[in-house]
Structures are given as C-alpha cells and as structure tokens.
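The values are calculated or read from the model by the stated rules, or taken from the named source; none is laboratory data. Here the structure is a predicted model, which means the values were calculated and not measured. Glycine gets a Cβ as well: all are built from the backbone with ideal geometry, and neighbour counts include every protein chain shown. Just the protein is used for accessible areas: all its heavy atoms, side chains included, with ligands, DNA and RNA removed. Shrake-Rupley method; radii C 1.70, N 1.55, O 1.52, S 1.80 Å.
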Amino acid sequence: MQKSIFQHLVDSVNKDYEDTYAYVGKNFDFIRELIDKIALHIQCTPGKDIYIVDEKGSKIAPSNFIQDAIIVDNECFFSFKLVISASNTGFNINSCGKSFFDKNLVPPSGIAIYISIKQEDDIFIVIAPSIKEEKLFTEIFKIYSDNPSWTELLESLTQVIINFSKKDLKYRISQLFEESSQQVKPFGFYVTPDIKIVNT
C-alpha cells in the first residue's frame with residue numbers, strides 16, 4: 001500500500017528529529033571529551049578545577065546540562081567559555097581597595113578560555129587560543145573521528161596557560177599604560193580574546 005502524503009511528512013519529521021538529536025549530541029559529547037582531555041593533560045579535576053560558565057558566569061560542570069551554556073553562531077560553531085580555576089576563594093579585594101581592583105591589578109583566580117567547535121562529517125574543527133612568539137591569537141585545529149590526535153591542540157592550550165602564569169603583579173602594573181591590555185577583568189579570571197571565526 002502506498003504511503004499517504006501525511007505519512008511521508010511524519011516519516012520526514014521523525015528522521016529530521018533523529019538526525020538533529022544525533023548531531024547536537026555528538027557536538028556536546030565532543031565538548032565533554034575535550035574538557036576531560038584538557039583536565040587529564042594539565043592534571044586537574046573536571047567539574048571542580050575546570051568547567052564551563054554560562055553568560056551570567058554561573059559554573060556548569062561538564063557532566064551536567066551544558067547545553068544552555070553553549071552559544072551557536074551563524075556558522076553553526078558551538079562556542080563556550082572554559083574556566084580553569086586555580087583558587088577556590090579568590091583574591092580578597094578588601095585588602096587593597098576598589099581602585100586597585102578597578103585598575104585590574106588584583107591577581108586573577110585562573111583563566112577563562114574561549115573555544116569553538118563544529119562537526120563536519122568525520123572531522124571536528126576546534127578554534128582555540130594559541131601562542132606564537134609570545135603573542136596570543138586564535139588557531140584552527142582538526143580532530144579526525146577515525147584517528148583522533150589531540151596532541152597539537154593540548155600542547156597549544158598548555159602554552160596559553162603557561163603564558164598566563166607569567167602575568168604577575170609586575171606585568172599587571174606595566175599594563176596600566178597599555179590601552180589594548182587583554183589581561184585581568186573584573187570577572188576574576190585572565191580572559192583570552194573572544195573567538196574570531198575564520199572561514200574553514
């Protein structure tokens with residue numbers, strides 16, 4: 001018996017649901033795997049020392065419902081802010097005063113890294129900060145599903161973290177004279193520049 005037009009519509013919608021669930025599920029699974037790989041590489045604890053924050057700055061552990069902390073851009077990149085926290089308490093600004101804080105002179109509690117990912121067929125494209133010749137910029141990395149190699153991406157992020165760890169009080173004071181400073185924000189973390197999407 002031939003299918004009705006309505007049944008074709010039902011089948012098409014159901015197939016579209018399945019494909020869409022699978023697509024977003026793979027992207028979210030990849031984000032969780034990426035966080036686990038970074039945590040293992042730098043020897044910290046996912047959900048405690050490394051986690052995603054939403055637009056309001058609320059902490060979301062990778063094992064929890066991360067979907068609402070992800071921003072999908074016009075090129076369908078799944079973008080998020082990954083926080084690596086080195087202090088549970090934060091710096092007591094009462095010890096230095098509001099003006100010292102407002103000038104971005106207080107030490108950060110860690111680093112917030114902007115990362116964007118997108119699945120294209122069997123490849124995950126990752127856009128993340130990178131350091132070359134002491135300069136910070138964004139770089140595109142490709143992780144192949146059938147033969148994933150994380151080394152280049154993990155080593156690049158390690159260099160970003162090492163570079164951040166050099167930004168001590170002396171550095172922050174020197175940056176007072178730099179209008180284009182990309183250092184400590186009132187958010188409480190050293191924040192890498194937002195991702196600038198490059199055509200892939």
> In whole Å, what is the distance between the alpha-carbon centres of the range 61-88 and the range 145-173?
Replying inline: 18 Å
>> Please state the shape class of the chain: rounded when a/c is under 1.5, otherwise prolate if a/b exceeds b/c and oblate if not, all from the C-alpha gyration tensor.
In response: prolate
> Using 0.36 nm per residue, how much length does the chain from residue 151 to residue 96 gain when fully extended, once their Cα-Cα distance is taken away?
Replying inline: 15.7 nm
> Based on the alpha-carbon gyration tensor of the range 35-84, what equivalent-ellipsoid semi-axes (square roots of 5 times the eigenvalues) come out, in whole Å, largest first?
Replying inline: 20, 12, 8
>> Suppose every Lys and Arg Cβ carries +1 and every Asp and Glu Cβ carries -1, with no other charges. What dipole size does the range 1-143 come out with about its Cα centre, to the nearest 20 debye?
In response: 560 debye
> For the chain, what is the mean residue ellipticity at 222 nm derived from helices alone (per DSSP H run of n ≥ 4: -39500 (n - 2.57); sum divided by total residues; nearest 500 deg cm²/dmol)?
Replying inline: -10500 deg cm²/dmol
> Which distance in nm do the two modelled labels at residue 55 and residue 14 give, with both placed 7 Å along the Cα-to-Cβ direction?
Replying inline: 3.6 nm
> With r defined as the distance between the Cβ atoms of residue 166 and residue 32 and R0 fixed at 30 Å, what FRET efficiency is calculated, to the nearest 0.05?
Replying inline: 0.50
> To the nearest 10 degrees, how steeply does helix 5-42 sit against the main Cα axis of the chain, on a 0 to 90 scale?
Replying inline: 30 degrees
> What shape does the range 102-166 take by its C-alpha gyration tensor, where a ≥ b ≥ c are the square roots of the eigenvalues and a/c under 1.5 counts as rounded, a/b above b/c as prolate, and the rest as oblate?
Replying inline: prolate
> Tell me, in nm to one decimal, what length is gained between residue 88 and residue 64 on full extension, where the rule is 0.36 nm per residue of separation less the Cα-Cα distance?
Replying inline: 6.7 nm
>> Can you tally the net charge around residue 76? Count Lys and Arg as +1, Asp and Glu as -1, for every other residue whose Cβ sits under 12 Å from the Cβ of residue 76.
In response: -2
> What ranking of 177, 6, 77 comes out by heavy-atom accessible area, probe 1.4 Å, highest first?
Replying inline: 177, 6, 77
>> On a 28 Å Cα-Cα criterion, which of the cross-link pairs 37/103; 59/98; 37/81; 37/118; 26/132 come out too long?
In response: 37/103; 26/132
